[in-house]
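Working notes, beginning with the structure itself.
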Amino acid sequence: MAEPEITLSADKLPKHIAVIMDGNGRWAKSKGKARVFGHKAGVEAVRKTVSAASRLGIEVITLFAFSSENWRRPEEEVSLLMELFMTVLGREVKRLHKNNIRLCIIGDTTRFSARLQKKIAEAQALTADNTGLVLNVAANYGGQWDILQAARQLAQHVADQAMPVEAITETTLAQALSTAGQPDVDLLIRTSGERRISNFMLWQMAYAELYFTEQHWPDFDEQSLADAIAWYVNRERRFGCTGEQIQALLES
Ligand code: IPE
Ligand code: IPE
Ligand code: MG
């Protein structure tokens, strides 16, 4: 007997998807090009992923753009990444706004140039009241840093006698993280074959399903996201669903 056709409803989808966009360098190398070329190509994958997540009605997507450890890369690559970040921010923010997307830059932005910090503040202010997808871009972000800065905030409240020690709970600590008010990560995607967390959202990923794909980030597209989500739905809900069904949701 044939399995009854399931209709996939939006509440089965992950609320929060986090992505470690890895493999730009390897992608470029495989084409005999400089790493920079891979980072530039990665921007197109970001656009496709954000657009698909928005159309699927996902609540939050977090993209790991620059880790607190990435400063250790050659200076030339770091400054190129900063430059790229500036240009993309300037170019894309209007489109995000038009699509009702709220942009949040999470991470220690104080280490960025004054020019970049200003751009970030403007982009966040422009989209602050949008009610659609929340797009977190993790820049100079580290999971340990996030927990540390939250702990410091709470310690300061205690030192100021604004709260008793007993009021430090999982809930108040989560409220002091850079993702305050957002649901925890349901699905982590890492491209390019590495199976590490690389100091990404440690607290928020406590119960996340971890999805690893061999695809390099610049090759990631709508279909790749649909496949990852289908994999998640199948793991979480224990019934069969395909990337095609997610694609159908995208088109509906
Ligand atoms: C990810 O690609 C992008 C950033 C970390 C900014 P990589 O630059 O890490 O590419 P690989 O891992 O060297 O291939
Ligand atoms: C993680 O990728 C950080 C980003 C995607 C921004 P990396 O390529 O920097 O991580 P490691 O060094 O391989 O762990
Ligand atoms: Mg890498």
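The values are calculated or read from the model by the stated rules, or taken from the named source; none is laboratory data. Since the structure is predicted, the reported quantities are computational estimates derived from the model, not experimental observations. With ideal geometry, Cβ positions are generated from the backbone for all residues, glycine too; neighbour counts draw on all protein chains shown. For the accessible areas, the whole protein counts, side chains as well, though only heavy atoms, and no ligand, DNA or RNA atoms are used. Shrake-Rupley method; radii C 1.70, N 1.55, O 1.52, S 1.80 Å.
When a/c reaches 1.5 or more, the comparison of a/b and b/c decides; with that in mind, is the stretch 1-140 rounded, prolate or oblate per its Cα gyration tensor? Could you put the intermediate results ahead of the total?
Numbers: a/c = 2.33, a/b = 1.38, b/c = 1.69.
Oblate.
Decide, for the chain, between rounded, prolate and oblate: order the square roots of the alpha carbon gyration tensor eigenvalues as a ≥ b ≥ c, take rounded if a/c falls under 1.5, and otherwise choose prolate if a/b is larger than b/c, else oblate. Since a/c reaches 1.5 but b/c is at least a/b, the shape of the chain is classed as oblate.
Over the stretch 166-252, the fraction of Cα-Cα pairs per 10 Å bin, rounded to whole percents and listed from the shortest bin up, is 15, 37, 32, 13, 3. The length gained by stretching the chain between E170 and K118 to full extension, at 0.36 nm per residue less their Cα-Cα distance, is 15.4 nm. Here T171 sits with roughly 100 square angstrom of accessible surface, probe radius 1.4 Å. For the residues V60, V158, a 1.4 Å probe over the protein chains yields an accessible-area ranking, largest first, of V158, V60. Computed per residue of the chain from DSSP H runs no shorter than four, each worth -39500 (n - 2.57), the mean residue ellipticity at 222 nm is -15000 deg cm²/dmol. Each Lys and Arg Cβ is given +1 and each Asp and Glu Cβ -1; about its Cα centre, the chain then shows a dipole of about 880 debye. Expressed as a whole percent, the accessible area of the chain that falls on carbon and sulfur atoms is 51 (1.4 Å probe).
GNM remark for the chain: springs join alpha carbons under 10 Å apart, and the peak mean-square fluctuation among H39, H157, H216 falls on H157.
For the stretch 81-167, report the accessible area per residue in Å² (1.4 Å probe, heavy atoms, rounded to an integer).
Roughly 56 Å² per residue, with all protein chains present.
Going by accessible surface with a 1.4 Å probe and the largest first, E76, E92, E59, E244 read E76, E244, E59, E92.
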